[in-house]
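Trainee: This is the structure, below, for whatever I ask next.
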Amino acid sequence: MIERGDKLGEGSRRRITEVYVRSFVQDFVAFSRDTGDLADAFEHMLLLDRFYIAPVDGEPAGLASLTEG
């Protein structure tokens, strides 16, 4: 079942950010190659209501996002 990120709550923010960073790590190498550092940098910026999460065994495994502007 797909869930919107904000429905999963703030407790899932870090795990969602880690999936996001791993998905786009090649796009972020100019900033860092360390996925932990990247997750630290991006964690506070994610608008959870714009991310749709596909969990596997209760953990975020994939995501999609809708952005505009």
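Trainee: What do you get for chymotrypsin sites (Phe, Trp or Tyr not before Pro) in the chain restricted to DSSP loop and a cutoff of at most 14 other Cβ within 10 Å of the site's Cβ?
Mentor: On the way: sites: Tyr20, Phe24, Phe28, Phe31, Phe42, Phe51, Tyr52; in loops: Phe28, Phe31.
Passing sites in the chain are Phe31.
Trainee: Kindly sort Thr67, Thr17, Thr35 by accessible area of their heavy atoms, largest first, with the probe set to 1.4 Å. Walk me through the intermediate numbers first.
Mentor: Working: Thr67 105, Thr17 0, Thr35 65 Å².
Descending accessible area places them as Thr67, Thr35, Thr17.
Trainee: Contour minus end-to-end for Asp40 and Ala54, with contour as 0.36 nm per residue of separation and end-to-end as the Cα-Cα distance? Spell out each step's value before the answer.
Mentor: Values: separation 14, 0.36 × 14 = 5.04 nm, distance 2.17 nm.
That works out to 2.9 nm of additional length.
Trainee: Which of the GluC sites (Glu not before Pro) found in the chain are in a DSSP loop and have at most 11 neighbouring Cβ atoms, other than their own, within 10 Å?
Mentor: Numbers: sites: Glu3, Glu10, Glu18, Glu43, Glu68; in loops: Glu68.
Answer in residue order: Glu68.
Trainee: Just the number, please: carbon plus sulfur as a percent of the accessible area of the chain, 1.4 Å probe, no ligands or DNA/RNA counted.
Mentor: Reported share for carbon and sulfur atoms: 51 percent.
Trainee: Next question, about the same structure. With Cα extents along the principal axes in Å defined as stated, name the option among (i) 42, 26, 17; (ii) 34, 32, 18; (iii) 47, 25, 19 computed from the structure displayed.
Mentor: Identified label for the calculated read-out: (ii).
Trainee: Here's something else I'd like to know. Give me the percent relative contact order of the chain, please, defined on Cα pairs under 8 angstrom at least 6 residues apart.
Mentor: On the way: 79 pairs, mean separation 28.5, N = 69.
The normalised contact order for the chain reaches 41 percent.
Trainee: Taking amide H atoms as placed 1.01 Å from N in the peptide plane, list the residues 5 or more away in sequence, or in a different chain, whose amide H sits under 5 Å from that of Leu63.
Mentor: Hits under the 5 Å cutoff: Ala54.
Trainee: Excluding Val56 itself, calculate the net charge of residues whose Cβ lies under 13 Å from the Cβ of Val56, where each Lys or Arg counts +1 and each Asp or Glu counts -1. Can you show the working numbers first?
Mentor: On the way: positive: Arg15; negative: Glu3, Asp57, Glu59.
Result for the neighbourhood of Val56: -2.
Trainee: Can you tell me the length gained on complete extension of the stretch Ala64 to Arg22, counting 0.36 nm per residue apart and subtracting the Cα distance? List each step's numbers first, then the result.
Mentor: Numbers: separation 42, 0.36 × 42 = 15.12 nm, distance 1.33 nm.
Roughly 13.8 nm would be gained on extension.
The values are calculated or read from the model by the stated rules, or taken from the named source; none is laboratory data. Note that this is a predicted model, so its numbers are computed, not measured. For neighbour counting, all protein chains shown are included, and Cβ atoms are generated from backbone atoms with ideal geometry for every residue, glycine included. When the accessible area is computed, the model is the full protein with side chains, heavy atoms only, and any ligands, DNA or RNA have been set aside. Shrake-Rupley method; radii C 1.70, N 1.55, O 1.52, S 1.80 Å.
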